[in-house]
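The values are calculated or read from the model by the stated rules, or taken from the named source; none is laboratory data. These numbers were taken from a predicted model, which means no experiment stands behind them. We place every Cβ from the backbone using ideal geometry, glycine too, and count neighbours over all the protein chains shown. The accessibility values were calculated without ligands, DNA or RNA, using every heavy atom of the protein model including side chains. Shrake-Rupley method; radii C 1.70, N 1.55, O 1.52, S 1.80 Å.
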Amino acid sequence: MVGTVEVDVWAAELEVLLGRVAGLFGRVDLRWRMRDYVRGLLGPVGRKNGWQLAEYAGHRTPEGFQHLLNGARWDAEKLRDEVREYVVESLGPNGVLIIDDTGFIKKGSTSAGVGRQYTGTSGKIDNCQIGVFAAYATTRGRALIDRELYLPKAWTQDRERCRAAKIPDERGFSTKGDLAKAIIARTMAAGTPVAWVTADEAYGQDWNFRRLLEQHGLGYVVAVPKSQQLKSLAGIWRISDLISEAPADAWQRLSCGDGAKGPRVYDWAAAKLPVNLVFDPEPPTHYRWVMARRSLSDPGEIAYYLAYAPTQVEVPELVRIAGSRWAVEECFQAAKNECGLDEYEVRRYPGWYRHITLAMLAHAFLTTIAAQPDASQKGAAETNPPASFPSPWQKSGGSWQLSFPPPDHPAIPTPTH
């Protein structure tokens, strides 16, 4: 049971946070509406739509909240920046930036960006909006720090439809990968102390995405499809073919972090790739890796990764970063279940950004509260050192490396990214 002292501490922390962002709302009435809205998002409201939030706040109608989201003058981008700074202050430096998208199931055709498109939220093609998000995670917790609304071409090619939804004329079509790259560039420009980036294969398979991270000096571990191609002077190979040639001794049993049922243990294989003579300095500061994760219960279930890491980093750390990607799913679940991230009724483009950012602020508060009583470190991953094995998987200096197959090895004669 939560005691009176804890409730008082939480209330005081919330007041500090709301006071911190109050200056972004130029009028006193807007500040109070913002406070009531965030309190409602955090409160025991059955469905966090305009009417129920207004009832919880003691308002006669939801018109004040509708004005806050749709008509009032305030900058959701500045609020986003405050959320990011607050999260970093609460969770500490050297975090993992996790890129992912989530769907918001909607009816009708007037909500900005809505359309029939695949979303993992329902696991199928659905009528929905898609948001691309960044979460920041450390051992102390995780929270959402940035967001962008994906607009399909059916929207960006119809400027009248865009204007009706208050989408700026300068907002053209951008892929989800483009939105992710914009988020990363913005995060780094703000000086956010990111140490690593991770993402699923929708982003990881994009060479331009990975190259942007390398240009910022960011280490990454990103998922890629089994058809991902790797290029060398000797040819081009599928990642699944290279992993299939990994010797038995190259696989090691490691935990990639704790899940709901305890440590998530898999068999992992990892090998350094040859230095890229075009992009890498001499001597190199980072190595690129190819990695695979194999299920213990179903050895045929294999996930593939590409990684880029400082030269001193070893496999257990790469495995830990790969396992950290689950944290963004926890963010989505908590922000939707606890803070009404997906329960908005706004249809216009500015309203989406405003509601989503206020919900992120509410979720950041919950993350901060959760981080205060226990900032202890998670347990380190267990390792079983591998033994040596001959080419093409060669062991050197305590880690495996890929010496690419000789010219008579079957290569795939198609370009790669």
- Total formal charge among the other residues, if their Cβ is under 12 angstrom from that of Leu18, Lys/Arg +1 and Asp/Glu -1: +1
- Net charge near Thr110, counting Lys/Arg +1 and Asp/Glu -1 over other residues with Cβ under 13 Å of its Cβ? +4
- Message: With just the Cα atoms defining each centre, how far is segment 119-167 from segment 190-231? Give it in Å.
- Response: 20 Å
- Query: What percent does the relative contact order of segment 11-142 come to when contacts are Cα pairs within less than 8 Å and at least six residues apart?
  - Reply: 19 percent
- Rounded to the nearest 10 degrees, the helix 349-371 long axis (Cα) sits at an angle to the longest Cα principal axis of the chain of 70 degrees
- Query: What is the P(r) of segment 93-196, as percent of Cα-Cα pairs per 10 Å bin from 0?
  - Reply: 15, 40, 30, 14, 1
- At a probe radius of 1.4 Å, what is the per-residue accessible area of Glu343, in Å² to the nearest 10? 30 Å²
- Query: What do you reckon, how do Lys166, Lys181 stack up by accessible area (1.4 Å probe), largest on top?
  - Reply: Lys166, Lys181
- Accessible area, probe 1.4 Å, largest first, for residues His355, His59: His59, His355
- Message: Between 0 and 90 degrees, rounded to the nearest ten: what's the tilt of helix 176-189 against the longest Cα principal axis of the chain?
- Response: 80 degrees
- Query: How much of the DSSP beta bridge set in the chain is antiparallel, as a percent to the nearest 5?
  - Reply: 85 percent
- Item | Among Ala370, Ala292, Ala359: highest mean-square fluctuation, GNM of the chain, C-alpha pairs under 10 Å | Ala370
- Item | Per-residue [θ]222 nm for the chain (sum of -39500 (n - 2.57) over DSSP H runs n ≥ 4, rounded to 500) | -11500 deg cm²/dmol
- Query: Any idea how far the Cα center of segment 24-52 sits from the one of segment 270-310, in Å?
  - Reply: 46 Å
- Note on the structure: Expressed in µm² per second, the diffusion coefficient of segment 211-298 from the Stokes-Einstein equation, with Rh the Kirkwood radius over alpha carbon pairs, at 25 °C and 0.890 mPa s, is 163 µm²/s
- By the C-alpha gyration tensor axes a ≥ b ≥ c (rounded if a/c is under 1.5, else prolate when a/b exceeds b/c, else oblate), the shape of segment 131-248 is oblate
- Query: To the nearest 10 degrees, how steeply does helix 326-339 sit against the main Cα axis of the chain, on a 0 to 90 scale?
  - Reply: 10 degrees
- Do you know the relative contact order of the chain, to the nearest whole percent, from alpha carbon pairs under 8 angstrom that are 6+ apart? 19 percent
- Query: What accessible area, in Å² to the nearest ten, does a 1.4 Å probe give for Ile130?
  - Reply: 0 Å²
- Item | Assigned charges on the beta-carbon of Lys, Arg, Asp, Glu; segment 1-129 dipole about Cα centre (debye) | 640 debye
- Item | Area accessible to solvent at Ser240, 1.4 Å probe radius, in Å² | 20 Å²
- Give the shape of segment 171-231 as rounded, prolate or oblate, defined through the alpha-carbon gyration tensor: a ≥ b ≥ c are the square roots of its eigenvalues, a/c under 1.5 means rounded, and otherwise the shape is prolate if a/b is larger than b/c and oblate if not. oblate
- Message: Are there any trypsin sites (Lys or Arg not before Pro) in segment 259-332 that are in a DSSP loop and have at most 14 other Cβ atoms within 10 Å? List them by number.
- Response: Lys261
- Query: For segment 40-121, which trypsin sites (Lys or Arg not before Pro) are both in a DSSP coil and crowded by at most 16 other Cβ atoms within 10 Å?
  - Reply: Arg47, Arg60, Arg73, Lys107
- Item | Cα gyration tensor, segment 1-148 - rounded (a/c under 1.5), prolate or oblate | oblate
- Query: Using a 1.4 angstrom probe with every protein chain in place, what is the largest-first accessible-area order of Ser111, Ser297?
  - Reply: Ser297, Ser111
